[in-house]
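Reading through the structure tokens given below for one structure.
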Amino acid sequence: MPPQEPTSRRAFIKTGALGVTSVAIAAAAGSAEPALAAPRPADAPLPITPSCSGHETPSSVEGPLFKPNSPERTNLVTPAITGVLLALRGVIYDRECKPLPGVLIDFWQCDQNGDYDEHGFSLRGHQLTDSAGAYRLDTIVPRDYWGRWGRRGAHIHVQVQAPNGPVLVTQLYFPDDTQAYGRNFAAHNAGDQFFNRACVVTLGPKQGNRYAGRFDFVIKTTA
Amino acid sequence: MPLKRIGALVTALTLVTVATPSSASTLGRGPWTPTPAPVEKGDITAVAALDGKTAWAVGYRLVSDDEARPIALRWNGKTWAQESELPRDSFPQAIEVRSQSDIWTVGDGVQHWDGKSWSVADFGRDPAGYFLPEGLDSVPSGQAWVVGRLVADSVKDQVPVVYGWDGSAWAKQALPDVGKGELTSVVSLAPNDVWAAGFSATSPQTSLVVHWDGKSWTRVASPSVSGAHTWISALHAGPGGVWAVGGSNAGAADRPFAARWDGRRWQAALTPNIADGRLRAVVSTGDGELWAVGGKGAVTVALRWQKTLNRWVRTAAPDVVVRGVAAVPGSSSLWAVGIAKKGDLVPVITRTR
């Protein structure tokens with residue numbers, strides 16, 4: 001097992017009914033079509049937009065399964081990927097709550113069976129935020145796993161970097177009442193050594209086989 | 001550490017049109033027939049057969065949400081039953097059956113079955129990182145090879161590694177400088193003729209092939225898909241030479257990749273363009289047929305080599321998320337193991353009639 005680092009608790013992003021911004025709504029509406037003709041989970045209602053507190057999103061360990069050179073794409077749902085669809089949307093802010101365009105955001109996660117793609121790049125992709133500082137990720141809710149890489153609750157790994165800025169390495173988690181794969185998310189969250197409630201995505205109601213999710217990041221732009 | 005920015009390169013590639021796997025349904029189940037797996041929940045990750053009445057499969061059984069037990073199953077010609085439990089946390093990924101009392105598995109570590117019990121091979125600690133084996137093979141004289149990677153902190157910095165078994169001890173092999181990457185598969189044709197393959201973690205990722213001539217390991221030029229990440233997942237010495245199969249990714253869905261050593265050089269072989277049809281195994285049956293099987297998640301792909309057409313052609317695939325495939329020596333049968341496409345970690349074992 002790789003070395004494990006302590007989770008930072010320097011910051012906490014408020015989630016709630018307040019602070020819905022026009023910028024965030026415009027970003028959530030999205031624009032570009034994904035490259036693949038795969039199912040798109042984009043039409044579920046979006047959850048309430050978190051506010052920007054100005055506090056930096058907490059970091060977490062990178063873990064052992066990051067691969068550089070992931071494809072640039074916003075849709076990770078290729079024909080092989082089944083599972084509970086997730087349309088994750090959000091805005092990346094600086095600590096003055098100014099949306100940041102051109103921010104590199106790189107996602108990697110396991111699939112519906114708890115498998116990471118180590119040979120290739122399935123469920124791996126990077127993108128740049130648009131002119132409103134927004135990103136959009138069409139993916140699936142990952143499964144918790146147990147295997148050679150240890151035992152983890154469901155999570156999505158992220159690296160975020162403003163141009164010439166420091167890299168924020170963190171992980172996103174799922175609410176305790178998430179319904180996917182018949183798994184007990186509350187139990188797996190409670191048992192996950194890196195779980196951080198400050199990094200839980202906000203989910204809308206599950207509609208069919210899909211969730212809409214929301215997570216805004218606050219990052220440093222200079223070291 | 002700053003992230004690499006390769007956006008411009010890959011943006012163009014995401015526009016490549018990909019095929020959907022719709023043709024798979026028209027092929028039907030074909031010759032594949034499931035046999036009951038004696039595991040309600042878990043994963044069957046590898047299979048190997050001695051003959052039509054003797055085969056082994058390994059994986060793990062989830063006995064509760066808190067406990068996974070690595071297991072070995074045995075086929076007696078009629079049914080599968082659990083024969084043994086492997087050492088704790090071994091998570092087997094590949095198996096090599098030499099006889100009923102001489103079986104190797106690799107996963108988290110290397111394990112050996114002597115017919116009565118499992119033992120764990122001692123590889124010591126390597127300063128280059130934690131040893132994660134991926135593939136193994138042996139020759140009748142007793143020599144065996146295990147390939148994989150040494151992982152210091154992350155797969156992003158992993159380096160390929162080969163260990164050789166001389167009948168009494170494992171020894172780390174001196175490899176040429178092939179940089180970061182992984183060896184996923186090995187095939188030994190003779191004590192002085194061994195191939196290992198995987199991928200080199202360049203940008204983009206390329207195929208990696210090394211060869212042992214009895215004296216030293218050297219890198220041998222191998223094809224990759226231009227402008228795409230390429231990897232080799234399996235090797236096999238079969239009709240027409242040594243075969244390597246894997247996948248490539250140019251930004252959207254994967255597609256199959258295959259290459260062949262014809263005695264002089266490695267050359268890419270034609271494969272059908274199947275979205276997410278990465279190949280995981282290549283085997284040949286007793287009747288001389290060459291199969292490549294793979295896929296991921298909802299997509300399962302089986303190909304047969306058509307010598308007259310000089311290309312791989314799609315055929316009926318098993319209805320399983322394929323983890324491992326094995327040919328039954330002296331017959332035309334194949335085993336395929338993995339998990340069901342529906343449900344949560346439901347093991348499946350299937351075979352061709």
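Coordinate-derived values only; no laboratory data. Bear in mind the structure is a predicted one, so any value in this text is a computation, not a measurement. Here the Cβ positions follow ideal geometry from the backbone for every residue, glycine too, while neighbour counts run over all protein chains shown.
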Query - Per-residue mean of C-beta atoms belonging to partner chains within 10 Å, peptide B:62-70 - result: 2
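Apply the Kirkwood formula to segment B:7-352: the hydrodynamic radius equals the inverse of the mean of 1/r over all pairs of different alpha-carbon atoms; give it in Å with one decimal.
Roughly 20.4 Å, rounded to one decimal.
Show me the ranking of peptides A:100-110, B:175-185 by mean Cβ neighbours inside 10 Å, starting with the highest.
On the way: A:100-110: 21.6, B:175-185: 19.2.
Going by the mean number of other Cβ atoms within 10 Å, highest first, we get A:100-110, B:175-185.
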Query raised in the report: For segment B:211-224, what does the Karplus curve 6.51 cos²θ - 1.76 cosθ + 1.60, with θ = phi - 60°, yield as ³J(HN,Hα) per residue in whole Hz, taken in order and with x for Gly and Pro?
Result: 9, 9, 9, x, 10, 8, 8, 10, 7, 10, 4, 9, x, 9
Query raised in the report: Taking the Cα centre of segment B:126-236 as the origin, how large is its charge dipole in debye, to the nearest 20, when only Lys and Arg (+1) and Asp and Glu (-1) carry charge on their Cβ atoms?
Result: 160
Query raised in the report: For the cross-link pairs B:LYS180/B:LYS341; B:LYS53/B:LYS215; B:LYS172/B:LYS341; B:LYS41/B:LYS296; B:LYS172/B:LYS342; B:LYS116/B:LYS172, which exceed 30 Å when the distance is taken from alpha carbon to alpha carbon?
Result: B:LYS180/B:LYS341; B:LYS53/B:LYS215; B:LYS172/B:LYS341; B:LYS172/B:LYS342
Query - Shielding by partners - mean other protein chain Cβ count within 10 Å, residues of B:247-256 - result: 5
Report summary line: In segment B:44-122, the trypsin sites (Lys or Arg not before Pro) that sit in a DSSP loop and have at most 16 other Cβ atoms within 10 Å of their own Cβ are B:LYS53, B:LYS78, B:ARG88, B:LYS116
Query raised in the report: Given the options B:GLY295, B:GLY135, B:GLY52, which has the most mean-square fluctuation in a GNM of chain B, springs set between C-alpha atoms less than 10 angstrom apart?
Result: B:GLY52
**Report entry** Dipole moment magnitude, nearest 20 debye, segment B:7-352 about Cα centre, only Lys, Arg, Asp, Glu C-beta charged
**Finding:** 1040
Report summary line: The farthest towards the positive end of the charge dipole of segment B:7-352, of the residues B:ALA237, B:VAL187, B:TRP145, given +1 on Cβ of Lys and Arg and -1 on Cβ of Asp and Glu, is B:ALA237
Report summary line: Taking chain B and counting helices only, DSSP H stretches of n ≥ 4 at -39,500 (n - 2.57) each over all residues, the nearest-500 ellipticity at 222 nm comes to -1000 deg cm²/dmol
Report task. Putting +1 on Lys and Arg Cβ atoms and -1 on Asp and Glu Cβ atoms, find which of B:SER117, A:ALA190, A:PHE217 reaches farthest to the positive end of the dipole of the protein assembly as shown. Result -> A:PHE217
Query - Alpha carbon Rg of the protein assembly as shown, scaled by the compact-globule rule 2.2 N^0.38 Å - result: 0.96
Requested in this report: Can you grab the distance from the C-alpha centre of segment B:202-251 to the C-alpha centre of segment B:43-96, Å, no decimals?
Outcome: 29
Report task. In a Gaussian network model over chain B where Cα atoms closer than 10 Å are linked, find which of B:ARG280, B:ARG260, B:ARG125 has the largest mean-square fluctuation. Result -> B:ARG125
Report summary line: segment B:62-176 -> Rg/Rh from Cα coords, Kirkwood Rh, value 1.00
**Report entry** Per-residue average of Cβ from other chains inside 10 Å of A:79-90
**Finding:** 4
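Just to confirm the filter: which GluC sites (Glu not before Pro) across segment A:70-150 are DSSP coil and have at most 14 other Cβ within 10 angstrom of their Cβ?
A:GLU96
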Query raised in the report: Based on the mean of other beta carbon atoms within 10 Å per residue, what is the order of B:318-326, B:218-226, most packed first?
Result: B:318-326, B:218-226
Query - Computed over segment B:7-352: relative contact order in percent, which uses C-alpha pairs under 8 Å that are six or more apart - result: 15
